[in-house]
Amino acid sequence: MEIIHVSAECYPVAKAGGLGDVVGALPKYQNELGHLAKVVMPMYKTPFLYEHEFDVVHKGSFAMGHSWINYTIIKEKTNDLGFDLYLIDINGLLDRQKVYGYDDDIERFTSFQIAVVDWLSKWNHRPDVVHVHDHHAGLVPFMMQNCFAYKHLATVPTVLTIHNAQYQGWMGWDKGSYLPAWDGNNWGKLDWKNNINPLASAVKCVLRVTTVSPSYLEELRYNSNGLEALFEYEKGKCSGIINGIDDLVWNPELDKYIATQFGIDDVDEGKLSNKEVLCKEYGLDINKPLIVFIGRLVDEKGADLLPRAISDAIYHMQGKMNFLVLGSGDFWVERQLEDMKSGLMGYYNSKIGYNEKLSHQMYAGADFLLMPSRVEPCGLNQLYALRYGTVPIVRSTGGLKDTVIDYGIPDGSGYGIRFNDATVGDITYSIHRAVQLYSQPKRLDEVRVKMMQIDNSWEISTGKYVDLYKSLQ
Ligand code: ADP
């Protein structure tokens, strides 16, 4: 099957979070099964662009409101990534250093999506599936089915994967004129609560919706930032497929970013050696359990709870543990995490920013990974932690609930630490349990080996996506 993935992110081209990891891996594994999966995304000015060579494969233009937009599609030459990569270059709109966060993101991602559909409409054959990811690609199915110029794409099967339903790409109806001439009778397929809502539109227009974990799908019917009724109504076309991890990127035996590679047989020595490097660099004590947080510093991830939870844990448990935080996001959380450093020197440190290499070093060198998420569609961090023998401490929500079993359950099958509420009290209690586990080296070792044996690879999930596409042919 020829599968076209449309996404705003794709690792290693451009990544801001889990979306990038998934779109950088899933097509590769689909191709390994003998399919022809391709990725089309915006051309940002990221290092990848300058480190690779490209061919121009298409040039086109379209009107967006009162602007005339020219676009160029370039294709990466080597196929190094394991799939064909197409980048859409729109001068002045997409060619920026960051993926998101600009005042004109609506214009940027709308123009990207029009260019994708315009390009597909010029092909002399039709792909088997167009698979769109999150709201940045959410208008693509609507345009394929309702824009007069693209109507010949209307019968191409479309699939939406929701990686995060908190962000929906809302825009006012004044932006309706941005889309190429479309059938006004179908305005309801764009609308949600008097706005154009690209995520809602995709849910309405595609043949199948997937979320990145089964539990998250359940939660969306009760908590989805205004779309609850839509998910309830459309539940028949929705299913949850848990993300996998890319074993070529996230593998402690091969990881080039870490000081000492290790496997199940030498997990204790390997982790200790990586921990030593981290502790030295960040002024922490190698003899204490090292608890880390990696991620966006936003409410969704419970990052606002970190400053209190960390200081309370250190004070109430007499500094029996160390913390290291890597992340960026809300200014006031960043500020508190930075300000805490001087008072808690030797027990706590943080690195504000995005740092791929350090994240690998932390998964490898930490003893525990904390995820107090309020919402977690799948969560990749805990999957990486499991692979690197780092015990996840997670709130029981979304994908965290589907992938982590508490080590305390009586049948002994567990390997992580789970808590129910996103509160400082639940977090500190879980940290207390982590310290207890750390003080029993034999038990910790058993848990580590158990975690590292879990198969969270993409093979299983890739098969589920392929079965889903086949059901649409
Ligand atoms: P999100 O909701 O942010 O997409 P996921 O758990 O699905 O959350 O994916 C997060 C991905 O982003 C992981 O690969 C994680 O290691 C990475 N990540 C998040 N913040 C940072 C950071 N500051 N530096 C490096 N990697 C980060």
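The values are calculated or read from the model by the stated rules, or taken from the named source; none is laboratory data. Computed from a prediction, not measured in an experiment: that's the story for all the values here. Positions of Cβ are backbone-derived with ideal geometry, glycine not excepted, and every protein chain shown enters the neighbour counts. Ligands, DNA and RNA are stripped out before the accessible areas are found, and what is left, the full protein with its side chains, is counted by its heavy atoms. Shrake-Rupley method; radii C 1.70, N 1.55, O 1.52, S 1.80 Å.
Here are some notes:
- Scan of the range 25-40 for residues that are in contact with a strand residue (DSSP E or B) (Cβ under 9 Å, 6 or more places away or on another chain) and not in a helix (DSSP H, G or I), ordered by number: H35, L36, A37, K38, V39, V40
- Cβ-Cβ under 7 Å pairs, at least 6 apart or on other chains, the range 335-354 side in contact (Cβ under 8 Å) with a residue 60 or more places away in the chain, far side more than 14 Å from the ligand (Cβ to nearest atom) and of a type in the set (S, T, Y): N349/Y282
- Contacts under 6 angstrom Cβ, first residue in the range 167-178 being at negative phi, partner part of a loop (DSSP other than H, G, I, E, B), 6 or more apart: Q168/N197; W170/N197; S177/G65; Y178/G65
- So G172, is it over 26 Å from S239 (Cβ atoms) and modelled with pLDDT of 95 or more: yes
- As a summary of the residue check, L358 satisfies the conditions (1) more than 11 Å from the ligand (Cβ to nearest atom); (2) closer than 16 Å to K280 by Cβ; (3) surrounded by fewer than 22 Cβ atoms within 10 Å (Cβ to Cβ) except for the one numbered (1).
- Cβ-Cβ under 8 Å pairs, at least 6 apart or on other chains, the range 113-126 side touching a residue at least 24 places away in the same chain (Cβ under 8 Å), far side of a type in the set (D, E, K, R): none
- S7 being at pLDDT 95 or above and either over 28 Å from K470 (Cα atoms) or surrounded by fewer than 19 Cβ atoms within 10 Å (Cβ to Cβ) (or both): no
- The range 221-241, residues that are assigned to a loop (DSSP other than H, G, I, E, B) and open to solvent by 50 Å² or more (accessible area, probe 1.4 Å): R221, Y222, N223, N225
- Looking only at the range 376-392, and only at residues there that are out of contact with any Lys or Arg (no Cβ under 8 Å at 6 or more places or on another chain) and more than 19 Å from D265 (Cα to Cα), the one that is farthest from the ligand (Cβ to nearest atom): P392
- Residue count, the range 325-348 (criterion: away from the ligand (no atom under 14 Å from the Cβ) and of a type in the set (S, T, N, Q)): 2
- Hits in the range 1-14 (condition: within 13 Å of L81 (Cβ to Cβ) and within 10 Å of the ligand (Cβ to nearest atom)): Y11
- Condition check for W170: more than 21 Å from the chain's Cα centre (by Cα) and more than 14 Å from H5 (Cβ to Cβ): no
- Residue within the range 286-307 that is small (G, A, S) and more than 16 Å from the ligand (Cβ to nearest atom) present: no
- Unmet requirement for E232, which otherwise passes all of (1) touching a Ser or Thr at 6+ places or on another chain (Cβ under 8 Å); (2) of a type outside the set (V, I, T); (3) farther than 24 Å from I106 by Cα; (4) away from the ligand (no atom under 16 Å from the Cβ): (1)
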